[in-house]
1. Which residue pairs have Cβ atoms under 8 Å apart, sit 6 or more places apart or on different chains, and have a first residue in the stretch 92-106 that is in contact (Cβ under 8 Å) with a residue 60 or more places away in the chain and farther than 14 Å from residue 76 by Cβ and a second that is surrounded by fewer than 16 Cβ atoms within 10 Å (Cβ to Cβ) and among the small types (Gly, Ala, Ser)?
2. Hey, which of the helices (runs of 4 or more DSSP H) in the stretch 31-110, taking only ones fully inside, have at least 1 residues that are more than 15 Å from residue 139 (Cβ to Cβ) and touching a strand residue (DSSP E or B) at 6+ places or on another chain (Cβ under 9 Å)?
3. Pick from the stretch 88-125 the residues that are of a type in the set (Asp, Glu) and surrounded by 15 or more Cβ atoms within 10 Å (Cβ to Cβ): which of them is nearest to residue 68 (Cα to Cα)?
4. Could you say which residue among 123, 81 is free of Cβ contacts under 8 Å to residues at least 60 places away in the same chain and among the small types (Gly, Ala, Ser)?
Amino acid sequence: MNPETKADPGESLVSLIAQLHDLREPQAVSMWPETDAWWVLAAILALLVAFGIWRWLRHRRANAYRREALARLRDLEPELSKGDPAALAGLDQILRRTALAAFPRGEVAALTGTDWADYLDRSAKGLPPPGFGGISGALAEAAYKARPPGFDGAEVARLARYWIRHHHA
């Protein structure tokens, strides 16, 4: 071994360290989409969201009459549960207005008595028995008699609420 070719280990380590560069941080990863496919996907998602909102608003507007009828029924329930004939006449008005908003006028306007009760029963599938047929006399006479035939106000309110929510126009 040639002593002249042999390097000092401390000296070579210092020269190696001097050759090192400072550490550099990598560039930040961009959150911006790199390909056109992501733009297409974003556009499709935006259209789907807009379509969903449009359908929801359309459905909400179409059922505004139901919400109004249910609000009026809630206001009328205390008097109905007491058996007040004026409340029964008010309920008949609520049901008629709701039916006129949902069905053709010529189909609903002329109905009275048992025909009206049968129509209410037919237009809502799954109406709990006996339906409106059991109170058709009370509904027909409520506006004209001070004391119509007896009726269970809580049951009538339950039937009306079910009909308002579930009738098929």
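1. From the stretch 92-106, the pairs are 102/169; 103/169.
2. none
3. The qualifying residue nearest to residue 68 (Cα to Cα) is 92.
4. 123 is the lone residue from the list that is free of Cβ contacts under 8 Å to residues at least 60 places away in the same chain and among the small types (Gly, Ala, Ser).
Residue-by-condition table, conditions (1) under 16 Å from residue 164 (Cβ atoms); (2) at pLDDT below 85; (3) within 25 Å of the chain's Cα centre (by Cα):
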| site | (1), (2), (3) |
| --- | --- |
| 71 | yes, no, yes |
| 83 | no, yes, no |
| 93 | yes, no, no |
| 115 | no, no, no |
| 120 | yes, no, yes |
| 127 | yes, yes, yes |
| 132 | yes, yes, no |
| 142 | no, yes, no |
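The values are calculated or read from the model by the stated rules, or taken from the named source; none is laboratory data. Since the structure is predicted, the reported quantities are computational estimates derived from the model, not experimental observations. Cβ sites come from the backbone with ideal geometry, for glycine too, and all protein chains shown count toward neighbours.
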